[in-house]
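Worksheet: one structure, shown below.
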Amino acid sequence: MSTQKAKKFQIDAARVSFDEKHRKTIRFNMGKYHAAVSKGKARYQSFEATREKAAAIKRHTIEHLAEYLQEFEKNFTANGGTVLWARTADDAIAYITKIFQENNVKSIVKSKSMTTEEIELNENLKKIGVESVETDLGEYIVQLAGEKPYHIVTPAMHKSKADVAQLFNKHFGFPLESSAEEMTMLARAKLREKYLAADAGITGANFIVADKGAIAVTENEGNALMSTSFPKIQIAIAGIEKIIPSYKDLALFWPHLAQNGTGQPITAYSSVFSGPKKDNESHGPEKMYVILLDNGRTNIYKQDKFRVALTCIRCGACLNACPIYKNIGGYTYDTTYQGPIGTVISPHLKGFDQLAHLCTACSLCANCASVCPVKMPLNDLILENRKLAVEGGYFSSLEKPVVGGFTFFTKSAGRMDCVGGGMKNFAAKCLGKNVWGSKRAFPKFAKKSFRKLHK
């Protein structure tokens with residue numbers, strides 16, 4: 001295990017956990033989410049039945065992944081589109097670079113996509129002289145701040161209105177006392193210029209629809225629709241796990257994703273893209289590409305116990321339910337995917353040698369599993385990751401004998417009484433800072449145990 005990354009994780013977690021401003025902002029934004037989701041569940045005759053059906057469809061699809069992906073490729077190609085298979089992030093970047101160089105692309109607009117964050121698209125486009133502008137308001141804010149998305153669904157969840165006002169004042173000279181509406185209108189005006197000038201538009205895909213040979217994109221601001229309407233080239237980058245069998249399945253998954261992601265009945269804009277514009281159509285891209293990304297997903301697929309992790313629909317519900325995420329924040333994970341789902345999949349995508357420490361960021365409370373819309377046993381998968389990390393030797397060789405010695409000592413009252421309270425307090429003081437944390441007081445041991453006093 002990378003001791004440097006693990007140490008950084010511990011330092012960042014300790015710092016963020018006691019940052020009162022951060023805690024206040026997250027509590028406020030999470031509170032709005034929980035209220036909306038709770039209210040939204042009342043719309044369902046049986047919310048649990050919806051989870052069961054969604055889980056069944058996704059698990060069936062993953063078990064027949066190759067067949068459905070091939071069906072999508074056949075139908076999308078028949079619609080005039082081009083499917084490109086990318087085994088790695090480098091493959092995906094190479095495809096995009098070639099397309100842009102062949103078509104003299106100098107600027108693009110991009111809608112919110114965690115898959116493009118995963119392959120570090122913006123950074124790679126900068127290397128070849130292509131300007132990439134985020135068009136989702138939250139992503140636009142973090143891009144201006146020089147940051148990454150803090151949350152799968154809500155990229156700027158960690159920022160307050162005052163934080164955004166300071167950012168807009170710095171970049172655009174906008175008044176610090178501006179209202180949220182005024183700042184939104186400013187961003188809208190700035191982005192309109194980028195839409196009109198862009199040579200290409202890039203989106204992710206919430207779902208890949210096999211029987212229609214199409215991708216489905218859902219969003220609240222119309223930015224994905226704008227990013228695909230004006231440019232002559234459209235590229236969608238999607239993980240291979242995003243596949244669903246049928247167009248009819250969107251009737252279940254679109255509202256289910258909205259309910260668990262934001263608490264809405266359905267997201268404001270839902271679009272289906274099945275290829276470039278036809279000869280009799282006046283609007284739409286002249287060329288459309290879909291890049292199907294593996295980038296470690298087949299590592300997960302090959303493991304029977306972990307394959308269910310590919311059923312995730314990226315709603316972010318597990319992050320919002322996780323007490324660890326709410327305390328240590330999204331950036332502490334230092335991965336594209338944070339929270340419980342990130343803890344499960346990231347070591348398999350990037351390597352246990354780099355990210356084995358993530359599996360320690362879990363109390364195994366199972367809140368994540370209880371809210372997952374496709375019923376993933378996330379806490380069990382995290383526990384399984386711990387097992388793999390230990391078996392792979394990614395933790396200190398001292399840990400096992402230390403824990404074993406502690407267990408042996410504490411399992412017997414007689415052994416516990418071998419030393420007095422003074423010695424126990426001395427040991428606690430020595431270990432407390434590293435084990436218990438420097439900001440918490442370890443409970444004081446009495447000079448004599450209750451057992452001795454009772455005798």
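Annotations for the structure displayed:
- Residues of the range 245-269 classified as within 19 Å of the chain's Cα centre (by Cα) and open to solvent by 30 Å² or more (accessible area, probe 1.4 Å), total: 2
- Taking the range 301-376 as the region of interest, the helices (runs of 4 or more DSSP H) fully inside it that hold 1 or more residues being surrounded by fewer than 20 Cβ atoms within 10 Å (Cβ to Cβ) and touching a residue at least 12 places away in the same chain (Cβ under 8 Å) are 323-328, 339-350, 352-355, 367-371.
- Any hit, the range 401-410, residues being surrounded by fewer than 16 Cβ atoms within 10 Å (Cβ to Cβ), in a helix (DSSP H, G or I), in contact (Cβ under 8 Å) with a residue 12 or more places away in the chain and at negative phi: no
- Listed by first and then second residue, the pairs linking a residue in the range 63-86 that is more than 24 Å from F306 (Cα to Cα) to a residue that is in a helix (DSSP H, G or I) and modelled with pLDDT of 95 or more, with Cβ atoms under 7 Å apart and 6 or more places separating them unless they lie on different chains, are V83/E73; V83/F76; V83/T77; L84/Y95.
- Apart from one condition, V153 fits all of (1) touching a Leu at 6+ places or on another chain (Cβ under 7 Å); (2) within 29 Å of F100 (Cα to Cα); (3) outside any helix (DSSP H, G or I); (4) open to solvent by less than 50 Å² (accessible area, probe 1.4 Å); the exception is (1).
- Scanning the range 1-28 for residues that are touching a Lys or Arg at 6+ places or on another chain (Cβ under 9 Å) and assigned to a helix (DSSP H, G or I) yields A14, V16, S17, R23, T25, I26, R27.
- The set of residues in the range 82-121 being among the small types (G, A, S), within 30 Å of R188 (Cα to Cα) and open to solvent by 10 Å² or more (accessible area, probe 1.4 Å) consists of S107 alone.
- Within the range 224-241, the set of residues being surrounded by 22 or more Cβ atoms within 10 Å (Cβ to Cβ) and charged (D, E, K, R) comprises just one member, E241.
- Qualifying residue in the range 40-50 (condition: part of a helix (DSSP H, G or I), in contact with a Lys or Arg (Cβ under 8 Å, 6 or more places away or on another chain) and of a type in the set (D, E)): no
- Of the set (1) open to solvent by 30 Å² or more (accessible area, probe 1.4 Å); (2) of a type outside the set (D, E, K, R); (3) within 24 Å of the chain's Cα centre (by Cα), all apply to S17 but (1).
The values are calculated or read from the model by the stated rules, or taken from the named source; none is laboratory data. Treat the numbers as computed from the prediction; the structure is a model and nothing was measured. Note that each Cβ is placed from the backbone with ideal geometry, even for glycine, and that neighbours are counted across all protein chains shown. What goes into the accessible areas is simple: the full protein's heavy atoms, side chains included, and nothing from ligands, DNA or RNA. Shrake-Rupley method; radii C 1.70, N 1.55, O 1.52, S 1.80 Å.
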